[in-house]
Amino acid sequence: MSEVLGTGETAKKGRPTPKRKESEAALRRPLVPEDRKSAKKEARSQAREERARVRAAQLAGDESALPPKDRGPIKSYIRDIVDSRLNVGELILPLMLVVLVLTFLPVRALQFGGLLVVWLILVAGVIDSALLWRRVKRKVVAKFGTPPPKGSAFYTIMRSFQMRMSRIPRPQVKRGAAID
């Protein structure tokens, strides 16, 4: 900044003001980098690193990295309740693989038995998830004093049908842990 002299004048800056053309030329840079291939490669690697960082934070249960549907103390509490028990829905996928193998066997009784097992386990999964939702709703109201937010029933049921190892965020409680 210029200094104010005692006489009411300001001190000179010691160099001439650049022409508009010169200052615009100094600020000008290309819209695309010179080496587009390496710039693209660098952008990809940065994006890959960012995705890996976000995924690691999501797996760890970091609230800031979670999508909005998974955030908040109520959703965390719901996750803990679901993760603290063995859900019938978790068993559906492994049983489906067994039934798939049974359907390729030429024995009709095994094929029919496998199909019957699928339907029974599916009905048991639906009943189990309905009872789980009632329990979760009751516990959330008791702990937080408000009913669970909209979409929590779907959230609870879908998490109970996922195999434990494929849940994101990863379960933070052990099976059988008491959740208050």
Quiz item: Looking at the range 7-52, which trypsin sites (Lys or Arg not before Pro) are DSSP coil and have at most 10 other C-beta atoms within 10 Å of their C-beta?
Solution: K12, K13, K19, R28
Practice problem: On a 0 to 90° scale, report how tilted helix 152-161 is relative to the longest principal axis of the chain, with both axes built from alpha carbons and the result rounded to the nearest 10. | Solution: 60 degrees
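Across the chain, where is the longest run that never hits GluC sites (Glu not before Pro) in a DSSP loop with at most 11 other C-beta atoms within 10 Å?
35-180
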Practice problem: Select from the range 64-163 those trypsin sites (Lys or Arg not before Pro) which occupy a DSSP coil region and have at most 13 other Cβ atoms within 10 Å, ordered by residue number. | Solution: R71, K150
Quiz item: Looking at (1) 14.9; (2) 23.7; (3) 16.4, which value of mean projected area of the Cα convex hull in nm² comes from a calculation on the structure shown?
Solution: (2)
Quiz prompt | Whole-Hz couplings from phi, Karplus 6.51/-1.76/1.60, listed for the range 50-66; x for Gly and Pro | solution = 5, 4, 5, 5, 5, 5, 4, 5, 5, 4, 6, x, 5, 4, 5, 8, 6
Quiz item: Tell me, what HN-Hα J-couplings in whole Hz come from the Karplus equation 6.51 cos²θ - 1.76 cosθ + 1.60 at θ = phi - 60° for each residue of the range 70-84, using x for Gly and Pro?
Solution: 9, 8, x, x, 5, 5, 5, 5, 4, 4, 5, 5, 5, 6, 7
Practice problem: Whenever you get a sec, line up S45, S152 from highest to lowest accessible area (probe 1.4 Å, protein heavy atoms). | Solution: S45, S152
Quiz item: With each run of n ≥ 4 DSSP H residues scored as -39500 (n - 2.57), what mean residue ellipticity at 222 nm is computed for the chain after dividing by its residue count and rounding to the nearest 500 deg cm²/dmol?
Solution: -19000 deg cm²/dmol
Practice problem: Quick one: accessible surface of Y155, probe radius 1.4 Å, all protein chains present, in square angstrom to the nearest 10. | Solution: 30 Å²
Practice problem: Please determine, in degrees from 0 to 90 and to the nearest 10, the orientation of helix 92-103 with respect to the longest principal axis defined by the Cα atoms of the chain, where the helix direction is its Cα long axis. | Solution: 60 degrees
Quiz item: Looking only at P33, P18, P106, which one moves most when the chain is put into a Gaussian network model with springs between Cα atoms under 10 Å?
Solution: P18
Quiz item: If the cut-off is a Cα-Cα distance under 14 Å, which aspartates and glutamates reach K143, setting aside same-chain residues fewer than 8 apart in sequence?
Solution: D80, D180
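The values are calculated or read from the model by the stated rules, or taken from the named source; none is laboratory data. This is a predicted model, so every value here is computed, not measured. So basically every Cβ, Gly included, is an ideal-geometry build from the backbone, and we count neighbours across all protein chains shown. Ligands, DNA and RNA are stripped out before the accessible areas are found, and what is left, the full protein with its side chains, is counted by its heavy atoms. Shrake-Rupley method; radii C 1.70, N 1.55, O 1.52, S 1.80 Å.
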